[in-house]
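Before any comments, here is the structure.
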Amino acid sequence: MQALILAGGKGTRLRPLTVYTPKPIVPVMNRPFLLYQIEVLARAGVTDIVLSLSYQPDKIEDLLGDGSDFGVKLRYLTEPAPMGTGGAYRFAADEIRETTIVLNGDILTDLDVSGLIEFHRSKGAEATISLVPVEDPSAYGLVETDPDGRVLRFLEKPKPEQLADITVNTVNAGIYVLEPSILDLIPSGESCSFEYDVFPAIRAKEKPFFAFIIADNYWRDLGNPKSYLEAHHDFFDGKIKGFEVDRSAASDIATVAQVDKASVIGAGCVIKPGVRITRSAIGPGVHIEEKAVIENSVIWGHTRVSSAAEIQNAVVGKSCHIGRNAVVGDGSVLGDKTSLSDYTKV
Ligand code: GDD
Ligand code: MG
């Protein structure tokens, strides 16, 4: 069993965070995001993993290397230009000789992948798509099934008029099991989408195409800053199980600073007296001066927060400078190297 992670998108909806950091390696609780997917695959014994890249591929490869640090074997494929999700799978055809787990590279989940594989085999499927119920399905790929779990219809990002006659709220969770025969449905060398082209073609050819419902596992698409921050809140609330959070990093934390148990602090931080940190992820090498308050927020590495600044429910990129008494409020997202002068409110 192999895996292919689709990690070539530009991450436009996650800007400004993705200007210098491609989406697959944005830090989540201070770990590059892809490590969560790699861990979930490795748990199911899937250790042969191809990363399909297009945007800033070198940064991803430099960080993850050959995968041996994480107990897997990573290979990298970079498209000359983005070929779409289905095109990226076809582009990897030379590497794909067996049943393959294909994942959208921006899904945070603790799914038991072995259960998904078992389901695929038990149905004799050529393609299995995992589904998850959501409140507002319009931003996703909608999937209708029959009572046996056969896929009847796939409708990507339905328009309001199409939504009217849809009664299901189960959407494509971006995790598939595909037999190599699916490659024959995809033209080589052309841009092609799983969602708009390949899934409708699998239906049209009446191949065995089944849906697996993710019921009891955590699932989230990390595609925009709000969702990125909420993923952290879910970690703080203990809603994501099964991943260890590394709280062992050595930092210089003043004894009269308050850091709650939910928060995670990266290596080499300096946290001065009177600072209060609650439900937050602080990256490596961050300096936080006297009496600053940080709540429900994510701060990337090497940022400096000056005295009495307040950061609430916000994401602050790498190497920023937050001036004295500045207030960074609800939902703010600051790109790398942002500098806020003293007393600024954003
Ligand atoms: N290699 C490569 N090449 N990867 C790509 C390309 C490409 O041309 N285009 C997109 N990707 C990768 C992205 O990096 C991302 O990890 C994944 O494919 C999905 O792209 P998104 O841009 O995040 O799609 P989406 O979130 O709008 O919708 C998709 O995911 C939803 C679930 O989160 C669809 O698959 C929906 O049907 C699904 O519901
Ligand atoms: Mg997405």
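Computed quantities for the displayed model
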| item | result |
| --- | --- |
| Filtered trypsin sites (Lys or Arg not before Pro), the range 199-233: DSSP coil and at most 16 other beta carbons within 10 Å | 205 |
| 20 Å Cα-Cα reach of residue 157 towards lysines, excluding residues that sit fewer than 8 places from it in its own chain | 10, 226 |
| Cα centroid separation, the range 135-153 to the range 32-82 (Å) | 29 |
| Listed residue (105, 307, 327) projecting farthest to the positive dipole end of the chain, Cβ model | 307 |
| Overall Cα dimensions of the range 252-340 - principal axes, largest extent first, Å | 30, 23, 21 |
| Mean Cβ neighbour count within 10 Å, used as a protection proxy, ranking 79-86, 30-37 highest first | 30-37, 79-86 |
| 5 angstrom amide H check on residue 56, placed H, neighbours 5+ away | none |
| The range 2-236, dipole about Cα centre (Lys/Arg Cβ +1, Asp/Glu Cβ -1), debye to the nearest 20 | 300 |
| Qualifying GluC sites (Glu not before Pro) in the range 131-198, DSSP loop, other Cβ atoms within 10 Å at most 11 | 135 |
| Qualifying lysines (Cα of each under 23 Å from Cα of residue 291; at least 8 residues distant if same chain) | 261, 272, 318, 337, 345 |
| Two-site FRET efficiency, residue 254 against residue 112, from Cβ-Cβ distance with R₀ of 41 Å, rounded to 0.05 | 0.45 |
| Per-residue HN-Hα couplings for the range 326-341 [Karplus 6.51, -1.76, 1.60; θ = phi - 60°; Hz; x = Gly/Pro] | 5, 10, 10, x, 2, x, 5, 10, 9, x, 3, 6, 5, 10, 10, 6 |
| Those GluC sites (Glu not before Pro) in the range 230-336 that DSSP places in a loop and that have at most 13 other beta carbons within 10 Å | 244 |
| Helical mean residue ellipticity (222 nm; -39500 (n - 2.57) per DSSP H run of 4+; nearest 500) of the chain | -4500 deg cm²/dmol |
| Cα-Cα separations in the range 190-312 greater than 24 Å, expressed as whole percent | 45 |
| Backbone HN-Hα couplings from phi across the range 154-165 [Karplus 6.51/-1.76/1.60, Hz, Gly and Pro as x] | 10, 10, 7, 6, x, 7, x, 5, 6, 5, 3, 9 |
| Selection from 120, 30, 183, by position along the positive dipole direction of the range 2-236 (Cβ) | 30 |
| Computed over the range 189-286: relative contact order in percent, which uses C-alpha pairs under 8 Å that are six or more apart | 18 |
| Length released on extending from residue 164 to residue 267, taking residue separation times 0.36 nm less the Cα-Cα span | 32.0 nm |
| Rg and Dmax of the chain, Cα atoms only, in Å | 21.5, 67 |
| Charge dipole of the chain about the Cα centre (unit charges at C-beta), most positive-ward option of 280, 140, 218 | 280 |
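FYI, it's all coordinate maths here, none of it is from the lab. Since we're looking at a predicted model, the values are computed, not measured. With ideal geometry, Cβ positions are generated from the backbone for all residues, glycine too; neighbour counts draw on all protein chains shown.
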